[in-house]
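Got a structure here, written out as C-alpha cells. Questions coming.
Laboratory data are not the source of any read-out in this text; all were calculated from the coordinates shown. Please read these numbers as outputs of a predicted model, since none were measured by experiment. No Cβ is skipped: glycine too gets one built from the backbone with ideal geometry, and neighbour counts run over all protein chains shown.
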Amino acid sequence: MFISMFGAVESGIIYAIMALGVYLTFRVLDFPDLTVEGSFVTGAAVTAFSIVNGIPPFVATVLAAVAGFIAGCLTGILHTKGKINALLAGILMMTALYSINLRVMGQPTLSMLNETTLFDQLESVWAPLGIDSLFNGMISFLGIEQIPRTWAILILMIFVTIGIKLLTDFYLKTEIGLALRAIGDNKKMIRSLSANTDSLIITGVGISNALVALAGGLIAQLGGFADVNMGLGLIVIGLASIIIGEALFGTKSIVRATLAVILGAVIYRMIVTLALEVDFLEAGDMKLITAVIVVVALVTPKVIQTRREKKRRIQKRAQLRAGGDGHA
Amino acid sequence: MLKLNHISVTFNEGTPDEKRALNDIQLELNKGEFVTVIGSNGAGKSTLMNIISGALLPDVGDVFIGGKQVVHFPEYKRSTYIGRVFQDPMAGTAPSMTIEENLSMAYSRDKKRKLRLGVTKQRKELFRDYLTTLNLGLEDRLNAKVGLLSGGERQALSLLMSTFTEPNILLLDEHTAALDPSRAELITSLTDKVVREFGLTTLMVTHNMQQALDLGSRLIMMDKGQIIFDVNGEEKQKLAIEALLHEFRRIRGMQFGDDRAVLS
Ligand SMILES: Nc1ncnc2c1ncn2[C@@H]1O[C@H](COP(=O)(O)OP(=O)(O)OP(=O)(O)O)[C@@H](O)[C@H]1O
Ligand SMILES: [Mg+2]
C-alpha cells in the first residue's frame, strides 16, 4: 500500500508538469489544445531516441521540451495564421504527431532499460549520501515494511516541479504574461492595447507543449521506455488534475491556482492508484475512472452550492413565517 | 494629427445585402481637437471608428496619424497611437484580472512588453495617483478583480486606461450609452476633464445632441456614410439643437416624421 502510494506521488509530481502545461492553454489562454496527447509522446520519443543514441540524458530531456515547444507553436500558427478552429488545430497536430513519433522511435515501443537515464545518474550521485537509509529508517520505524527503492527521484522532482511553478507564476505576472492572460479574458481589449495576440497565442501554446513534452520525457525515463500510445487520454487526465485541484484548493490568485494544479495532479494519481487496489477493477478501467472523477469533481461543488442555497431559502422562509405568526 | 483621405467601405459587395457604409470620407483633425460625431443609426459612425483603429480595412483610402501612413498597419500596431473606449463597459477591461493588472496592461500600450513584472511598487503608486483623479475610491481597491466593479466604475477605469498614456488619438464610441443617466453624466465630465488635461485629439460618437453641442471644439454630422455637416469654433458654440435639426433637414432636403428621433 505505502509503496504504491509512493509511486503515485512520484509519478504524480511529474504529471503535474504536464498539468501545468494544460492549465496554460485551457485556463490562461482559453485555448482547448489537444496537441498535448501527441506532444507528450513526442517528448518521450525524443528522449528515448536521444538516450539510446548516446546523447547525455540531461540534453535528451531538454530536447524533449524543445520538440514540444515547436509542436505547440505549430498548433498556434495553424490557429492564428491558418484561422483553423482551436480544437481542430490541436486534433490535426496530435494526429500528425502520431506518425512523427512513430518515425522518431522507429518502432511502437522504445526501451531504455539498458541505458543510463537522468534518474539513474541521479541515483548514483544520491546513493552515497545515505539519505535513503535515513528516510527508510523513519518509515520502518512507523511500522511500514516495504520500503521504496530510492527517494532521489521524488525529491528531485518536487524541486523541479516547484521550480517550474515559480517560473510560471513569475511569467504570468510579467508584462508579457499579463497580456497572455488577457487573451483568455478579453481578446478584443488586449488587442486595442497594442498586444500582438497572434504571437502571444503561438508562444503560449508553445510553452504549454514544452512543459507537456518535458513531462513526457521524464515519465519515459521513470518507466524506462517510450510508447507511441502513452499519450492516450492525457488531455482528460490533465483536465482532471486541474479540476480536482481547483475544487479542493481554489483559484484566488495565480500562485494559488498553479499550486492547486500540481496538488490536483498528485491527488489524481493517488485516486487512480487507490481505485486499482479494488479487486474487481482492472488497468483498462482507468479511463472510465478518470472520466468519473472529472464528472464528480465538476458536479459536486455545484450540487453542494445548490443544496446550501436551498437550505438558506428554506430557513429564510421559515424565519419569515415565524415572524408573520408573531404579528397575527 | 489624424487625416482620412478618400475612405470608402462597402460591406457584402456584390450581394443583395450590399451596403455602402462609408462613402469617400475626407476628414482632418488638428492636434488637440475634440470632435463630437452625431448621426442616425447606420450612418457609419462606428465603421469610421473601426477604420481609424484598424479593426476594419477600407476598400480604398489612406489613414495618416501624425503624418504617418498607417492604413496597412494591423490593429494591434496602430493601437500604440490610439486609445479607445467601447460602448459596452465589459469590452474595455479584463474581468478576471485585478485593477492594477488592467492598468499595467494599459500602461504598456505605447511601450514594448518585456519579461519584467507588470505591477511594481513604483507603478502601484502611479496607478493609485491616477485612480484618485476619478474620485470613485478605486485607488483603495487596486487588488480587486475588475469583474466586481459596476458598469460605471468599469467604464471610468476603461477611460483612464485609454487616456493616461496620452495617446495621439482617442476614440470614444457611445461610451456613455450603456450607463444610467447619473453614471453617464459622471463619465461625460471625466471625459471632458481628461481630454482637456492631456490635450488629446479626440473623436467622440454620441446620440445625445446636447452632449455633442456642449462638449468639444468641433462637431460633425454623418448620414449614409458621408459627413454632411462640419462646424467648429464660435459657430459651434452658437449652435442649438433646433438649428442642428434644421441643418439636417436642409442638407438632406427631406422631411422625416420626427428628426429628433432619427438623430438621437
Ligand atoms: N460587419 C458588417 N457587415 C455588414 N454590414 C455592416 C457591418 N458593420 C456595419 N454594417 C452596416 O454598415 C452601416 C453602418 O454601420 P455603423 O455601425 O457604422 O453605424 P453607426 O453610425 O455606428 O450606427 P449606430 O448609431 O446604430 O451605432 C449599417 O447599415 C450597418 O448595418
Ligand atoms: Mg455605432
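Starting from the Cα of residue B:196, step 7 Å toward the Cβ, then list every residue of the range B:163-181 with an amide N under 16 Å from that point.
none
Given H placed on each backbone N at 1.01 Å, which residues far from residue A:112 in sequence or on other chains put an amide H within less than 5 Å of it?
Sorted by chain and number, the residues that satisfy this are A:225, A:226.
Quantify how much of the Cα-Cα distance distribution of the range A:1-105 extends past 19 Å, in percent. Please list the in-between numbers first.
Working: 2716 of 5460 pairs.
Here the long-distance tail beyond 19 Å is 50 percent of all Cα pairs in the range A:1-105.
How many partner chain Cβ atoms sit within 10 Å of a residue's Cβ in peptide B:94-103, on average, as a whole number? Display every interim value, and only then the final one.
Working: counts 12, 3, 6, 7, 1, 0, 1, 7, 6, 0.
Taking the mean over all residues of the peptide, I get 4.
In addition: Total Lys pairs in the range A:2-231 closer than 28 Å by alpha-carbon, pairs eight or more apart in sequence or interchain only?
Lysine pairs meeting the criterion: 9.
Roughly what angle does helix A:197-223 make with the longest principal axis of chain A, taking Cα atoms, 0 to 90 degrees, to the nearest 10?
60
If Lys and Arg each add +1 and Asp and Glu each add -1, what is the summed charge of the other residues whose beta carbon sits under 15 Å from the beta carbon of residue B:125?
Numbers: positive: B:121, B:123, B:124, B:128; negative: B:100, B:129, B:139, B:140.
That sum, taken over residues with Cβ under 15 Å, equals 0.
Evaluate the charge dipole of the protein assembly as shown about its Cα centre and quote only its size in Debye, nearest 20, assuming +1 on the Cβ of each Lys and Arg and -1 on the Cβ of each Asp and Glu. Could you put the intermediate results ahead of the total?
Numbers: 58 positive and 55 negative charges, 196 e Å.
It works out to roughly 940 debye.
Using only Cα atoms, find the angle between the long axis of helix B:121-132 and the longest principal axis of chain B, and express it within 0 to 90 degrees, rounded to the nearest 10.
On a 0 to 90 degree scale, this one is about 50.
If I fit a long axis through the Cα atoms of helix B:151-163 and take the longest principal axis of the Cα atoms of chain B, what angle between them do I get, 0 to 90°, rounded to 10?
90
Continuing with the same structure: 5 Å is the cut-off here: which amide hydrogens, built 1.01 Å from N in the peptide plane, fall below it relative to residue B:218, excluding neighbours closer than 5 in sequence?
B:34, B:36
For the range A:228-312, which chymotrypsin sites (Phe, Trp or Tyr not before Pro) pass both filters: DSSP loop (anything but H, G, I, E, B) and at most 11 other C-beta atoms within 10 Å? Present the calculation step by step, with values, prior to reporting the outcome.
On the way: sites: A:249, A:268, A:280; in loops: A:280.
Passing both the DSSP loop test and the Cβ count: A:280.
Order of B:22-28, A:313-319, A:212-218 by packing, highest average Cβ count within 10 Å first?
Details: B:22-28: 17.0, A:313-319: 10.0, A:212-218: 33.9.
Going by the mean number of other Cβ atoms within 10 Å, highest first, we get A:212-218, B:22-28, A:313-319.
Something else about it: For chain B, what's the relative contact order in percent, using C-alpha pairs closer than 8 Å and at least 6 residues apart? Could you put the intermediate results ahead of the total?
Numbers: 472 pairs, mean separation 71.2, N = 264.
Dividing the mean separation by the residue count of chain B yields 27 percent.
Just add up the charged neighbours of residue A:303: K/R +1, D/E -1, any other residue whose Cβ is under 12 Å from the Cβ of residue A:303.
Numbers: positive: A:302, A:307, A:308, A:310; negative: A:309.
Around residue A:303, the charge tally is +3.
A further question on this structure: In whole Hz, with x marking every Gly and Pro, tabulate ³J(HN,Hα) for the range A:306-313 from phi via Karplus 6.51 cos²θ - 1.76 cosθ + 1.60, θ = phi - 60°.
4, 4, 4, 4, 4, 4, 4, 5
Relative contact order, percent, of chain A when contacts are C-alpha pairs under 8 Å separated by at least 6 residues?
On the way: 498 pairs, mean separation 111.5, N = 328.
Relative contact order here is 34 percent.
Could I ask something else about it? ³J(HN,Hα) across the range B:195-202 via Karplus (A = 6.51, B = -1.76, C = 1.60, θ = phi - 60°), whole Hz, x for Gly/Pro?
4, 5, 4, 8, x, 7, 6, 10
Which pairs, out of A:252/B:112; B:31/B:193; B:19/B:45; A:252/B:124, put more than 22 Å between their alpha-carbon atoms?
On the way: A:252/B:112 29 Å; B:31/B:193 17 Å; B:19/B:45 14 Å; A:252/B:124 20 Å.
Over 22 Å apart, Cα to Cα: A:252/B:112.
Let me ask something additional. For the range A:1-76, what does the relative contact order come out to in percent, with C-alpha contacts under 8 Å and a separation of six or more?
Details: 41 pairs, mean separation 18.4, N = 76.
In percent, rounded to a whole number, it is 24.
Could you give me the ³J(HN,Hα) list for the range A:288-298, computed from phi with Karplus coefficients 6.51, -1.76, 1.60 and θ = phi - 60°, whole Hz, x at Gly and Pro?
Residue by residue, the range A:288-298 yields 4, 4, 4, 4, 5, 4, 4, 4, 4, 5, 7 Hz.
Moving on to the next point. If we sort A:305-311, B:71-77, A:45-51 on the protection proxy, mean other Cβ atoms within 10 Å, highest first, what's the order?
Values: A:305-311: 10.0, B:71-77: 16.0, A:45-51: 26.7.
Highest mean packing first, the order is A:45-51, B:71-77, A:305-311.
Taking every residue in A:139-151, how many Cβ atoms of other protein chains lie within 10 Å of its Cβ, on average?
Numbers: counts 0, 0, 0, 0, 0, 0, 0, 0, 0, 0, 0, 0, 0.
Taking all residues of A:139-151 together, the mean is 0.
In the range A:2-231, if the dipole is taken from +1 on Lys/Arg beta carbons and -1 on Asp/Glu beta carbons about the Cα centre, which of A:75, A:45, A:220 is farthest to the positive end?
A:75
Average partner chain C-beta neighbours within 10 Å, per residue of B:107-120?
Across the residues of B:107-120, the mean count of other-chain Cβ atoms within 10 Å is 5.
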